[in-house]
Amino acid sequence: MRYNYHVESVIHVKNLVKSFGKTPVVKDLSFDVNKGDVFAFLGANGSGKTTTIRCLLDILQPTRGSALIFGNKFDLALASRIGYLPEERGLYTNAQVMETLVYFAQLKGMTTADAKQKALKYLDRVELSAHHATEIKKLSSGQQQKIQLGITLINAPDLLILDEPTKGLDPVNRSLLMELLDELNENGATIVFVSHQMDEVEKIANRLVMIKNGSQALYGSLQEVKKQFGTNTIHITYQGEIPSNDAMYRSSSIENNVAELTPTSETSTNDVISHLIQHNVIINDFTIGTPSLQDVFVKVMKSEQY
Amino acid sequence: MNHIYLIAQREYIRTVRKPIFWISTLLLPTFIILVSFVSGYSADQAEKSIQEEAQNAQSILLYDPLTFIPEAFVIDPLEKVQDIDEAKSKIIDGSADALFIIPEDITTTKKVEVYTQDTGVMSLGKFDPVVQSLIGASVASQLDPQLQPLIGGGVTIESTYYKNGDRTEISLEKYVIPLAAFALYFLLVFMANNFLLTSVSEEKENRMIEIMFSIVERKSLIWGKIVGITLIAFTQIAVLVSATALIIYFSTSNFDIPIDLTKIVFDPVNISLYLFYILSGFLIIASVMVGVGSVMPTYKEAQSFSSIFIIASIFPMYFFSILLQEPTGTISQIVSYFPLTAPMVLAARLTLDALTATEIVVSSALVILYVIGGFYVAFKLFELGSLEYNNKVSFDSIKEYLIKKSN
């Protein structure tokens, strides 16, 4: 049965509930991911993100509600259009690099010749072509993660679902992954990813849903979500020591001489900056805008309002 | 279907290229010899029972027109007869246990005929020791050097068997097909299924299962593995058959094979039944392996847990002598209907002609139900346990899951 809720909708989750025994893990969750989105799926550990993804991919059966991909309940006919990188992921460590990539490409419906060509192209892109005949167990951890990603990307999917794709990656490989995701998105792929690295999310995501204890806490475009938390947050680069003053502002992050200060309802941004100068803080640079996603995330997780 | 083929192909290639596969395949004959050694006690007991059975015979008729056997040796249960046809009819109607015919020209023919009851494969040569010792004692008492060659197995004994009034044939050739069937059963059920357990456990242990679930159907994944592993077993069989053929080919100049290969009986009904029992036995244990591999977090734990089921399934081997002597007895009947032992015991009883047509039909239907039930539970356990990476699935959660699913 096909549902046309939204012409551009790639993922449609409506009133999704998933319980294990009597314990609800996902509670009445709803959101849409549109075609071309780089969509962040955020939440603390154990908040129900992986369970929601498993429901989307029919690995788990929802207790109630619907989870649709390309307008349909997931079935394996869609597998060739989807690339899934689960949180719990491994490899056939005794197998060779090339045969692993080709095997999964074939399972996703590619011909052997096409699979080999795509595998070589991918290995070349991630600088592993010299290792095509190497047993996976002989590769470094970072190289193995590139193979895991290769399994996900080899069929050039229309939709990528990545559960913590940067987990365990060093900065170089993390940067390479971001480039790859950018390329795929530019080529029309929709990307849904789970991450705890809010700086990465801010760099690449355009929309997000944040869940807390299985329920939706925030949902919308990155800017919309951040605006809900004000537009008067002061981001400063400074020298000296920022004094503590709860009556005047709240500091959400202070490290490496970079701080994020949000005035209270009784004060203005000018009051805060004047206060800092009076306390011999040298301000090198400052901007006023929305809080960082890191700040938003911490607020949501600590707040009882959500 | 393509997924099953791809998975089967991968399972096959990854296994046959491991050196351990070839080592274990070639070590199999050694293992079989060891098993024979272990079951030696059972065979010894069986031989003693056969001798006891011969000694406990109530009536043995002796046709000896020239009184080759001295009268002094003709004591109960031995009874001398004059009418050979009447004596044979007593064997046919079952009123006598055996008839020994000592020909007039025994010194030249060196041959004694024995007519007796067919009580299964164990009745083969049952009275041979009695005849040999009788001849030996008679020769010793006559002190005739010309008769000396008859002592110590110098007499050939030709046996004729009767069952329910009909003459039957008991020959080793009859057991070639059943023995081949048991070898096939052993390979498929125990060795191939061990590969299956390894494969299911590794899939989980390697954390590949979730990716696989997003690409292939769970049933395809399992059937692909089963098909691949069956092909692996056939490869082992091909290797072993080739090795055996080579040994026979190179050895025929040195010793005689005690089996006339041209006399091997190819009964299509029995062969079909053997194949059915082999396949069903394989599938029942395969379902156990899938279930165990799914609920245990590591291969090591799965292997130790699965050994309980393996021991249960080879349990009939420990009392094989009872099966041979009483193939329709209570114990044989019980183990014929226990899921893990049914295929092996039914195949054994078929060999011993101890299965009625009704029993074949009923037991076959039950075995099919066991296979279906086994895979139903195995797939449910696979659904339940395959994503439990670090924990064993508890019995309570299995119970809850199965009850919930069936409601």
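A compact table of results
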quantity	calculated
When chain B is reduced to its Cα atoms, the Kirkwood hydrodynamic radius in Å	24.8
Linear extension gain, A:Ser221 paired with A:Ala156, 0.36 nm per residue minus alpha-carbon span	20.8 nm
Area buried, chain B against chain A - accessible surface, total, 1.4 angstrom probe, square angstrom	2300
Nitroxide proxy distance, nm - points 7 Å out along Cα→Cβ at B:Phe315 and A:Thr287	7.4
Shielding of B:278-291 by partner chains, average beta-carbon count, 10 Å	0
Long pairs among A:Lys167/A:Lys226; A:Lys212/B:Lys225; A:Lys22/A:Lys108; A:Lys35/A:Lys203; A:Lys18/A:Lys146; A:Lys18/B:Lys380, criterion Cα-Cα beyond 30 Å	A:Lys212/B:Lys225; A:Lys22/A:Lys108; A:Lys18/A:Lys146
Farthest toward positive dipole pole in the protein assembly as shown [+1 Lys/Arg, -1 Asp/Glu at C-beta], among A:Asn256, B:Ser59, B:Val377	A:Asn256
Local net charge near B:Met208, Cβ-Cβ under 11 Å (Lys/Arg +1, Asp/Glu -1)	-2
Antiparallel DSSP beta bridges within chain A, as percent of all bridges there, nearest 5	70
Candidate lysines for bridging to B:Lys174, where Cα separation is under 20 Å - those fewer than 8 sequence places away on the same chain excluded	B:Lys126, B:Lys163, B:Lys263
Helix-only CD estimate at 222 nm, as mean residue ellipticity for chain B, using -39500 (n - 2.57) per DSSP H run (n ≥ 4)	-20000 deg cm²/dmol
Computed [θ] at 222 nm, deg cm²/dmol, chain A (DSSP H ≥ 4; -39,500 (n - 2.57); rounded to nearest 500)	-9500 deg cm²/dmol
Cα long-axis angle, helix B:193-205 against chain B (0 to 90 degrees, to the nearest 10)	10
Shape call, the stretch B:84-221: gyration tensor on alpha carbons, a/c limit 1.5	prolate
FRET efficiency estimate (nearest 0.05) - Cβ-Cβ, A:Lys302 to B:Ile20, R0 56 angstrom	0.55
Cross-link partners of A:Lys137 among aspartates and glutamates (Cα-Cα below 12 Å; sequence separation of 8 or more within a chain)	none
Accessible surface of the stretch B:57-168, 1.4 Å probe, proportion on carbon and sulfur as whole %	50
Heavy atoms of A:Ile11: accessible area, 1.4 Å probe, square angstrom to 10	0
Residues in the stretch A:80-106 that, when all protein chains are in place, have 40 Å² or more less accessible area than the chain alone would give (probe 1.4 Å)	A:Tyr84, A:Glu88, A:Gly90, A:Tyr92, A:Tyr103, A:Phe104, A:Gln106
DSSP-defined beta bridges in the protein assembly as shown - what % are antiparallel, rounded to 5	60
Cα-based helix-to-principal-axis angle, B:128-142 vs chain B, degrees rounded to 10	30
Between helix B:40-55 and chain B: long-axis angle, C-alpha atoms, 0 to 90°, nearest 10	30
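The values are calculated or read from the model by the stated rules, or taken from the named source; none is laboratory data. Computed from a predicted model, the values in this text were never measured in an experiment. Every residue, glycine among them, receives a Cβ derived from its backbone with ideal geometry; neighbour counts consider all protein chains shown. Side chains are part of the model used for accessible areas, which takes the heavy atoms of the whole protein and leaves out ligands, DNA and RNA. Shrake-Rupley method; radii C 1.70, N 1.55, O 1.52, S 1.80 Å.
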